[in-house]
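The structure appears below as C-alpha cells.
The values are calculated or read from the model by the stated rules, or taken from the named source; none is laboratory data. This structure is a prediction, so every number in the text was calculated from the model and none was measured. No Cβ is skipped: glycine too gets one built from the backbone with ideal geometry, and neighbour counts run over all protein chains shown. Accessible surface is based on the protein model in full, side chains and every heavy atom, while ligands, DNA and RNA are left aside. Shrake-Rupley method; radii C 1.70, N 1.55, O 1.52, S 1.80 Å.
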Amino acid sequence: MEKTKATARATNLRISPQKLNLVAKSIRGKGIKKAIDNLTFSRKRISKDVLKVLNSAIANAENNYALDID
C-alpha cells in the first residue's frame, strides 16, 4: 500500500535557507504533536512560519486525503 503524503509550501520567506533548515531539521521525523510543541516553544523567528506551514499540511491531509491525524 502506498503511503499518502500531504504537502504544503510557503513562498517568499525572507530568511536564509541555512536558518530555515536548522528549524526544519529539529522537527523532521518527529510526530505531529511533538513537532508542534517544538515549534511553539522555539525561540527562532522562522518557527512561526514553519508552524503555519505544518498546520496547513495537517489540514490538507485531513481534507484532501481523508487521513485521521489524531
Item to check | Distant-in-sequence amide H partners of LEU67 (H built 1.01 Å from N, under 5 Å) | outcome: GLU62
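Report the full-extension gain for the segment SER56 to ILE69: residue separation times 0.36 nm, less the Cα-Cα distance, to one decimal in nm.
On the way: separation 13, 0.36 × 13 = 4.68 nm, distance 1.26 nm.
Gain in length upon complete extension: 3.4 nm.
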Item to check | Acute angle (nearest 10 degrees) that the helix 47-64 long axis makes with the longest principal axis of the chain, alpha-carbon atoms | outcome: 10
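For the chain, with all protein chains present and a 1.4 Å probe, just round the carbon and sulfur fraction of the accessible area to a whole percent.
Here carbon and sulfur together make up 49 percent of the probe-accessible area.
Equivalent ellipsoid semi-axes for the chain, as square roots of 5 times the alpha carbon gyration tensor eigenvalues: give them largest first, rounded to whole Å. Could you put the intermediate results ahead of the total?
Values: eigenvalues 100, 36, 24 Å².
Its equivalent ellipsoid spans semi-axes of 22, 13, 11 Å.
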Checklist entry - When the Karplus curve 6.51 cos²θ - 1.76 cosθ + 1.60 is applied with θ = phi - 60°, which whole-Hz ³J(HN,Hα) does each residue of segment 25-31 get, with x for Gly and Pro? => result 5, 6, 10, 5, x, 8, x
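With a cap of 11 neighbouring Cβ atoms within 10 Å, and only residues DSSP puts in a loop, list the trypsin sites (Lys or Arg not before Pro) found in segment 1-47.
Numbers: sites: LYS3, LYS5, ARG9, ARG14, LYS19, LYS25, ARG28, LYS30, LYS33, LYS34, ARG43, LYS44, ARG45; in loops: LYS3, LYS5, ARG9, ARG14, ARG28, LYS30, ARG43, LYS44, ARG45.
Answer by residue number: LYS3, LYS5, ARG9, ARG14, ARG28, ARG43, ARG45.
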Item to check | Accessible surface, the chain, averaged per residue in Å² (probe 1.4 Å) | outcome: 86
Item to check | Theoretical gain in end-to-end length, PHE41 to THR4 [0.36 nm per residue, Cα-Cα removed] | outcome: 10.4 nm
Item to check | Among ASN12, ASN21, ASN60, residue whose mean-square fluctuation peaks in a GNM of the chain (springs only between Cα atoms under 10 Å) | outcome: ASN12
Checklist entry - Anyone know which of LEU22, LEU54, LEU39 comes out most mobile in the 10 Å Cα GNM of the chain? => result LEU22
